[in-house]
Amino acid sequence: MSGTENAAPYAPVLVGKRREELEAILKRYPTKMAALLPALWMIQDERGWVPNEGIEEVAAALGLTPAYVKGVISFYTMYHQHPVGRHFVQVCTTSPCGACGAEDVVKAFLEHTGCKELGLTSPDGKYTVIEVECLGACGFPTPVMINAEFLESVTPERVPSILAQLK
Amino acid sequence: MGYPHKPHAKEALVLSQHFGDPDARSLSGWKKRGGYQALEKALGMAPADIVNVVKASGLRGRGGAGFPTGVKWSFMKPGDGKPHYLCCNADESEPGTFKDREIMRWTPHALVEGCAIGSHAIGAETCYIYIRGEFTEPLVRMEAALKEAYDAGILGANAMGTGKRIDIYVHKGAGAYICGEETALMESIEGKRGNPRIKPPFPAVSGVFGKPTTINNVETLAAVPHILMRGAEWYSKLTLSNPKSMGTKLFSVCGNVARPGNYEVVLGFPFKDFLYDLCGGPPPGRKFRAIIPGGSSVPIQTMEEAEATLMDYEGFVAQGTMLGSGGVIIFDDAQNLPRMMARIARFYAHESCGQCTQCREGTAWMTKILERIVAGHGTYEDLDTIFDMSDNMTGRTICVLSDSCAAPVVSAIKKFRGDFEKLIPKKQGTVAVAAD
């Protein structure tokens, strides 16, 4: 169902400490539905993406249908609906950064990660590189997010050392 | 300050006074710098009095719309028996704008304090700070500041021992520019796709969870403690020209410029002075060519217009654009303007929620046309098509994303038409020859 036939069976996320966290979050809102984005972040933070089983788990916890949850996920850019490389590289190329050489940073990442194309995971499974829209750091071109890490003032020259420091 | 540069003598450091000072982040550091005195004062005031102070100060929304904040707060009717909500819009995604993240990562308690005062003023016990998911550091700083504030009894069921409840929570976004639109922000808090709502009903009548809600930008709320401590009159006198625009504004400067960064100046400041003195002028060997001064959603300016501008709401309008979010995007004479416009249109096409046909189709179509022009396969009719489309995309949709796409593109074609025509192949008879 989740497209990774050889993967281990899905281990529930919303148990133990995470369940307590969710219960606390539910107290913040008058509806269960409002805890959807926080709950999806929990799934993705633990599993690296939101598999169908994760969708079902969140839906059950919040009294929503899986179809509804999927509809919400598909709207937001940051939730992954498929597994991605261990290091998910997002380079801002919107015009303020585009005017400051962002496209060269993209090329450098593609070259040094071995990713053949934007959006395709590298053969060793380590990297996926995509372009993203404005990251809100326009004065420090080019900003790059690698998973949750936010880097600024990235130039093509810095790319090899940035990648070398990733596990 | 022109963070990360040293403060310029002509800046007015109100909100940015502690940028770059790690000690200001903590509760103790913030209190040392006068923090939470404003909140203490506010909690001893009647909400209506706080609203009047903010009204008198002339503070206008700093997110882009410039709506008078005190007036917006006064829309929240007290004693209606319904829970009221304050939402802080920290979704900062307007290209060229990067000021709210600095407020949150250097002075998180300033925002906590502003949100608490705002909540009390509008009769809200709950405030959601909607922070975009990409803002890793601001998220960490705001959560830490909130924890400190709760632990110290500043927030919670008994805020500062007054018996009033003030709860402030961070709600993390997940990558959607449109969730910076106030009704889409509310939809996103409710756990839905970020589709803007049609107005009316306005948020003060029916907002988040259908209850009366006020949405304010980070920079707006961060100004409130200063206004309470130093007085509405002090704030209303912070102006260099226009009596309708008071206070200071953080302008985020980026693109082809010597010193990009955030600069805080009094409204009405001369733009020419700002660009060439404070920001250091163009990069070495280059000249400024065009500026989009309000984040990307406003008309582009020629340098002639920009150099005649006074930096306030009315001043930018007088010179063919808008103040917007104050994200100053500068292009020099080496930039391919049509290519920049194509990329800007692509941004809007990506971020369109898809509800309204003119926006969904128009932003995508505009992008395709512009990319075709940049690639050398454009026609003169393409430019007319863009003008025609933009007419349908302006003032006819649920929200203004499509207006925001049309504004920079159409103004760029009108003001820099030669740049676009240069890329269009000329026809001789029925045979098209390559562009010069």
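The values are calculated or read from the model by the stated rules, or taken from the named source; none is laboratory data. None of these values were measured; they are calculated from a predicted model. Quick reminder, even Gly has a Cβ in these numbers, built from the backbone with ideal geometry, and neighbours come from all protein chains shown.
Out of the residues in the range A:24-70 that are among the aromatic types (Phe, Trp, Tyr) and in a helix (DSSP H, G or I), which is nearest to the other protein chains (Cβ to nearest Cβ)? Result: A:41.
In the set B:418, B:362, which member is of a type in the set (Gly, Ala, Ser) and without any contact (Cβ under 8 Å) to a residue 12 or more places away in the chain? Outline the logic, then answer.
Working: B:362 fails: without any contact (Cβ under 8 Å) to a residue 12 or more places away in the chain.
Criteria check complete, one pass: B:418.
Taking the listed residues A:160, A:96, A:83, the one that is in a loop (DSSP other than H, G, I, E, B) and not hydroxyl-bearing (Ser, Thr, Tyr) is A:83, with no other qualifying.
Yes/no per residue for (1) touching a Ser or Thr at 6+ places or on another chain (Cβ under 6 Å); (2) closer than 21 Å to residue B:312 by Cα; (3) at pLDDT below 95:
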site: B:20; (1), (2), (3): no, no, yes
site: B:26; (1), (2), (3): no, no, no
site: B:30; (1), (2), (3): no, no, no
site: B:39; (1), (2), (3): no, no, no
site: B:50; (1), (2), (3): no, no, no
site: B:53; (1), (2), (3): no, no, no
site: B:66; (1), (2), (3): no, yes, yes
site: B:69; (1), (2), (3): yes, yes, no
site: B:79; (1), (2), (3): no, no, yes
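With respect to the numbered conditions (1) under 21 Å from residue B:92 (Cβ atoms); (2) surrounded by fewer than 23 Cβ atoms within 10 Å (Cβ to Cβ), which one is the sole condition not fulfilled by residue B:303? Checking residue B:303 against (1) under 21 Å from residue B:92 (Cβ atoms); (2) surrounded by fewer than 23 Cβ atoms within 10 Å (Cβ to Cβ), the one that fails is (1). Return the residue satisfying two criteria in turn: it lies in the range B:11-32 and is charged (D, E, K, R) and surrounded by 15 or more Cβ atoms within 10 Å (Cβ to Cβ), and of such residues it is farthest from the chain's Cα centre (by Cα). Filtering the range B:11-32 for residues that are charged (D, E, K, R) and surrounded by 15 or more Cβ atoms within 10 Å (Cβ to Cβ), the one farthest from the chain's Cα centre (by Cα) comes out as B:25.
Here is a list: B:38, B:46. Which entry is in contact with a helix residue (DSSP H, G or I) (Cβ under 8 Å, 6 or more places away or on another chain) and more than 24 Å from residue B:276 (Cβ to Cβ)?
On the way: B:46 fails: in contact with a helix residue (DSSP H, G or I) (Cβ under 8 Å, 6 or more places away or on another chain).
Result: B:38 is the single residue among B:38, B:46 that is in contact with a helix residue (DSSP H, G or I) (Cβ under 8 Å, 6 or more places away or on another chain) and more than 24 Å from residue B:276 (Cβ to Cβ).
Quick one: would you say residue B:85 is aromatic (Phe, Trp, Tyr), in contact with a Ser or Thr (Cβ under 6 Å, 6 or more places away or on another chain) and over 29 Å from residue B:262 (Cα atoms)? Against the criterion (aromatic (Phe, Trp, Tyr), in contact with a Ser or Thr (Cβ under 6 Å, 6 or more places away or on another chain) and over 29 Å from residue B:262 (Cα atoms)), residue B:85 qualifies. Residues of the range A:71-80 that are in a helix (DSSP H, G or I) and surrounded by 18 or more Cβ atoms within 10 Å (Cβ to Cβ): A:72, A:73.
Among all residue pairs at least 6 apart or on different chains, which show Cβ distances below 9 Å where the first residue, located in the range A:93-111, is on the phi > 0 side of the Ramachandran plot and the second is in a loop (DSSP other than H, G, I, E, B)? Listed by first residue and then by second, the contacts come to A:101/A:141; A:101/A:142; A:101/A:155. In the set (1) in contact with a helix residue (DSSP H, G or I) (Cβ under 8 Å, 6 or more places away or on another chain); (2) touching a residue at least 60 places away in the same chain (Cβ under 8 Å); (3) over 25 Å from residue B:243 (Cα atoms), residue B:343 fails one condition alone, (2). Taking the criterion of being assigned to a strand (DSSP E or B) and out of contact with any Leu (no Cβ under 6 Å at 6 or more places or on another chain), would at least one residue in the range A:110-128 satisfy it? Checked the range A:110-128: at least one residue is assigned to a strand (DSSP E or B) and out of contact with any Leu (no Cβ under 6 Å at 6 or more places or on another chain).
Can you find, within the range B:110-133, the residue that is farthest from residue A:26 (Cα to Cα) among those that are assigned to a strand (DSSP E or B) and either away from chain A (no Cβ under 14 Å) or more than 17 Å from the chain's Cα centre (by Cα) (or both)?
Here is the first cut: in the range B:110-133, the ones assigned to a strand (DSSP E or B) are B:124-131.
After this cut, where a residue has to be either away from chain A (no Cβ under 14 Å) or more than 17 Å from the chain's Cα centre (by Cα) (or both) as well, the list is B:124-128.
On the way: B:124: 19, B:125: 16, B:126: 14, B:127: 15, B:128: 14 Å.
If we take residues in the range B:110-133 being assigned to a strand (DSSP E or B) and either away from chain A (no Cβ under 14 Å) or more than 17 Å from the chain's Cα centre (by Cα) (or both), then B:124 is farthest from residue A:26 (Cα to Cα).
Against the conditions (1) under 20 Å from residue B:65 (Cβ atoms); (2) surrounded by fewer than 24 Cβ atoms within 10 Å (Cβ to Cβ), residue B:218 satisfies every one except (2).
Look at (1) in a helix (DSSP H, G or I); (2) acidic (Asp, Glu); (3) touching a residue at least 60 places away in the same chain (Cβ under 8 Å) and you find that residue B:143 fails only one, number (3).
Looking only at the range B:152-166, decide whether some residue is β-branched (Val, Ile, Thr), assigned by TED's automatic domain parsing to the domain that holds residue B:104 and assigned to a helix (DSSP H, G or I).
Here is the first cut: in the range B:152-166, the ones β-branched (Val, Ile, Thr) are B:154, B:162, B:166.
With assigned by TED's automatic domain parsing to the domain that holds residue B:104 added as a condition, the list becomes B:154, B:162, B:166.
With assigned to a helix (DSSP H, G or I) added as a condition, the list becomes none.
No.
Condition first: modelled with pLDDT of 95 or more, farther than 30 Å from residue B:394 by Cα and assigned to a loop (DSSP other than H, G, I, E, B). Can you find one or more residues in the range B:301-315 that meet it? Checking the range B:301-315: not a single residue is modelled with pLDDT of 95 or more, farther than 30 Å from residue B:394 by Cα and assigned to a loop (DSSP other than H, G, I, E, B). The set of residues from the range B:142-157 being surrounded by fewer than 21 Cβ atoms within 10 Å (Cβ to Cβ) and within 14 Å of chain A (Cβ to nearest Cβ) comprises B:143, B:147, B:150, B:156, B:157. Summed over the range A:119-147, the residues that are surrounded by 21 or more Cβ atoms within 10 Å (Cβ to Cβ), free of Cβ contacts under 8 Å to residues at least 12 places away in the same chain and away from every other protein chain (no Cβ under 14 Å) give a count of 0. Residues in the range A:90-116 that are away from chain B (no Cβ under 12 Å), farther than 10 Å from residue A:132 by Cβ, touching a helix residue (DSSP H, G or I) at 6+ places or on another chain (Cβ under 7 Å) and surrounded by 16 or more Cβ atoms within 10 Å (Cβ to Cβ): 5 in all.
Output the residue which, of all residues in the range B:323-346 that are assigned to a loop (DSSP other than H, G, I, E, B) and under 21 Å from residue B:278 (Cα atoms), is farthest from the other protein chains (Cβ to nearest Cβ).
Of the residues in the range B:323-346, the ones assigned to a loop (DSSP other than H, G, I, E, B) are B:323-326, B:333-336.
After this cut, where a residue has to be under 21 Å from residue B:278 (Cα atoms) as well, the list is B:323-326, B:333.
On the way: B:323: 17, B:324: 14, B:325: 11, B:326: 12, B:333: 12 Å.
If we take residues in the range B:323-346 being assigned to a loop (DSSP other than H, G, I, E, B) and under 21 Å from residue B:278 (Cα atoms), then B:323 is farthest from the other protein chains (Cβ to nearest Cβ).
Taken over the range B:245-281, the criterion of being within 14 Å of chain A (Cβ to nearest Cβ), surrounded by fewer than 21 Cβ atoms within 10 Å (Cβ to Cβ) and free of Cβ contacts under 8 Å to residues at least 60 places away in the same chain is satisfied by B:258, B:280. Anything in the range B:62-109 that is in a loop (DSSP other than H, G, I, E, B), crowded, with 22+ Cβ neighbours inside 10 Å and basic (Lys, Arg)? List them, or say none. Selection gives B:62, B:99. On inspection, residue B:231 fails the criterion of being farther than 13 Å from residue B:91 by Cβ, within 23 Å of the chain's Cα centre (by Cα) and either modelled with pLDDT of 95 or more or in the same structural domain as residue B:50 (by TED's automatic domain parsing) (or both). Among residues of the range B:168-184 that are at the interface with another protein chain (Cβ under 7 Å from one of its Cβ atoms) and modelled with pLDDT of 95 or more, those with a beta-carbon under 6 Å from a residue that is in a loop (DSSP other than H, G, I, E, B) and surrounded by 23 or more Cβ atoms within 10 Å (Cβ to Cβ) at least six positions away or on a different chain give the pairs B:176/B:194; B:177/B:93.
Taking residue B:83, is it more than 25 Å from residue A:29 (Cβ to Cβ) and within 9 Å of another protein chain (Cβ to nearest Cβ)? Judged against the criteria, residue B:83 is not a match.
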